[in-house]
1. Go through (1) in a helix (DSSP H, G or I); (2) modelled with pLDDT under 95 and name the single condition Ile155 misses.
2. May I ask you to say which residue of Val276, Val286 is aliphatic (A, V, I, L, M) and in contact with a strand residue (DSSP E or B) (Cβ under 7 Å, 6 or more places away or on another chain)?
3. Before we move on, is Tyr11 touching a residue at least 24 places away in the same chain (Cβ under 8 Å) and surrounded by 12 or more Cβ atoms within 10 Å (Cβ to Cβ)?
4. Of the residues that make up the range 329-352, is at least one modelled with pLDDT of 95 or more and under 30 Å from Val27 (Cβ atoms)?
5. Read through the list (1) under 33 Å from the mean Cα position of the chain (by Cα); (2) surrounded by 19 or more Cβ atoms within 10 Å (Cβ to Cβ); (3) touching a residue at least 40 places away in the same chain (Cβ under 8 Å), then give the number of the only condition that Tyr268 fails.
6. Within the range 315-356, restricting attention to residues that are among the acidic types (Asp, Glu) and closer than 20 Å to Ile515 by Cβ, which residue is surrounded by the most Cβ atoms within 10 Å (Cβ to Cβ)?
7. What residue, among those in the range 201-240 that are under 13 Å from Thr275 (Cα atoms) and among the aliphatic types (A, V, I, L, M), is surrounded by the fewest Cβ atoms within 10 Å (Cβ to Cβ)?
8. Within the range 132-155, take every residue that is out of contact with any strand residue (DSSP E or B) (no Cβ under 8 Å at 6 or more places or on another chain) and closer than 24 Å to Ala96 by Cα and give me the one that is surrounded by the most Cβ atoms within 10 Å (Cβ to Cβ).
Amino acid sequence: MRDVELLIRKYAVKNAAEHGSARESAVLAKVLSLNHGLKKDMQSLSGQVASVVKEVNALDKASLDKEYASYEDEFGKEYSEKVARTSSPKFALDGAAKGLFRTRFAPEPSGYMHIGHAKAAFIAAELAKAYEGSVGLYFDDTNPAKEKQEFVDGIKADSEWLGIEYGDEYYASDNLDFEYECAEKLMLRGKAYVCFCSSEEMRSKRGAGTECGHRKHGAGANLGYWKDMLNGKFSESEASLRFIGDMSSLNTAMRDPVLFRIKKEEHYRQGTKYTVWPSYDFNTPVIDSIKGVTDAVRSKEYELRDELYYKLLEILEMRKPRVHEISRLEIKGSTTHKREINALIDEGYVKGYDDPRLTTISGLRKRGIRPEAIREFVLKFGISRVESRASMDELLTYNRKIIDSSSKRLFFVRNPAGVSVSGISDIYVKMPLHPSIDMGYREYACGNEYYIDGSDLASLKPGIVFRLKGALSAKVSSIEGNSVKAEYLGAGNTDGIKMQWASKGNFHEASLTMISNLMSEGKFNKESMTVVNGYVENYASNLNDSETVQFERIGFFKFDKGHNTFLSL
């Protein structure tokens, strides 16, 4: 038992560190996946999990971080081993057959597409390709309070930019009449009832495993109440349709979940035609079944709902697709949660869904991330159930490999320090725009006044030899404040310190917008976007808007011509 408790503790700490607080269902599912034998005494195990999760969630952040650190090497090794074991072959599904395969990408149009959506969409497309089948774009749009045509259009545009093609497009809200028929079948078969409990009462009874008194309504009464729901006789919080499940089930998803609820807001697609809307738990299996989906791939956070998915289809005597769970993709130091993104926008921390600090597809596109980099990055995780938690640096590494061969090399001098070189009047400088690919040259007529990066000033002192890369070599004579006087040594190479530079008359002022992690310790990072001013060589005026460059010794950047700034990549 002590070993079991330690196992629970380990994954409760991991879950809390990764999500802000540990969830009993997630920890329970993880522990069971590692030790199937524990299913024999689920009552005891559930109690242990609840107790440990409560203890872990009571820890302060410093204590949680310290305990997580004690497992970090173990988690890293476990991740590597599981990726190797579960990702090869990367795109194989149990039961799937070539030529008899159909899946779907199922976003809810309540926000813009983000990198987690991209993972799901690319995997769906890759599976359809592997099994010679098709993938549909399915809009799960049954919450009129949150969904907009703007988001539908955005998801379609982002998919097109990513290069993802769908065989067809369909909407949950177009099938409500059929779903109403299914709801009535459940009532007639004694498997659904109209409930008048408040959300607080319902939550309390489900948590305690207590049956609702409204369960006792007969089929006739339930159908009558149902008609009243459809005819608008109840307010939004007054009535709902619930499944008759098992209130003693250890799987809380089976404890009389809500199947339909009243929402009277105007729907972006259906207008005011409907006021009773299906929940995700009802909507998903029914639409998957009637739309010919053979294999539904969804996040493993829904794993405990699989039982309900199949039970509903069994009662309705409908075809059952295969359901497969994969891990979500989380980016360290960022967020893909709509609620958090909306809060950041509302509070003015970010400028909109296309803010380049976000991992929305429009944000990544604005920053300069290429669609092929996103594809390679998300597909590396395969369809593994292992937690996919990566950093932006990993995505940027993929991107840099792609843009390297097309990015011109230029100099940018931050916080400029002046250099006056004696013994020279005029020189002509011609430097290649790329070290290994013929992109042409930038050429300048220079005098004896130059500027170097302020960070290089500290490395100089009288007698030090330095080289202005591609231009000249000189020896420091003296330094006064932010100004250097030097003696010209010639145009040849030397062993001195190499520096990038700008020459008087051959530069213009510009800025670098440096982007780092959006979030730090769960809060907005005020240093996530900083601006560094300086001088860029005049060739930059020839750059096209959104063109990428590499500033030597600094990094890759995307040019924002309208604002005369370069976004870090």
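The values are calculated or read from the model by the stated rules, or taken from the named source; none is laboratory data. This structure is a prediction, so every number in the text was calculated from the model and none was measured. Counting neighbours? That spans all protein chains shown, and the Cβs are built from the backbone with ideal geometry, glycine included.
1. Condition not satisfied by Ile155: (2).
2. Val276
3. On the way: touching a residue at least 24 places away in the same chain (Cβ under 8 Å): no; surrounded by 12 or more Cβ atoms within 10 Å (Cβ to Cβ): yes.
Taking the combined requirement at face value, the residue does not satisfy it.
4. Scanning the range 329-352 turns up no residue that is modelled with pLDDT of 95 or more and under 30 Å from Val27 (Cβ atoms).
5. Of everything listed in (1) under 33 Å from the mean Cα position of the chain (by Cα); (2) surrounded by 19 or more Cβ atoms within 10 Å (Cβ to Cβ); (3) touching a residue at least 40 places away in the same chain (Cβ under 8 Å), Tyr268 misses just condition (2).
6. Asp355
7. Restricting to residues being under 13 Å from Thr275 (Cα atoms) and among the aliphatic types (A, V, I, L, M), the top hit is Leu230.
8. Asp140
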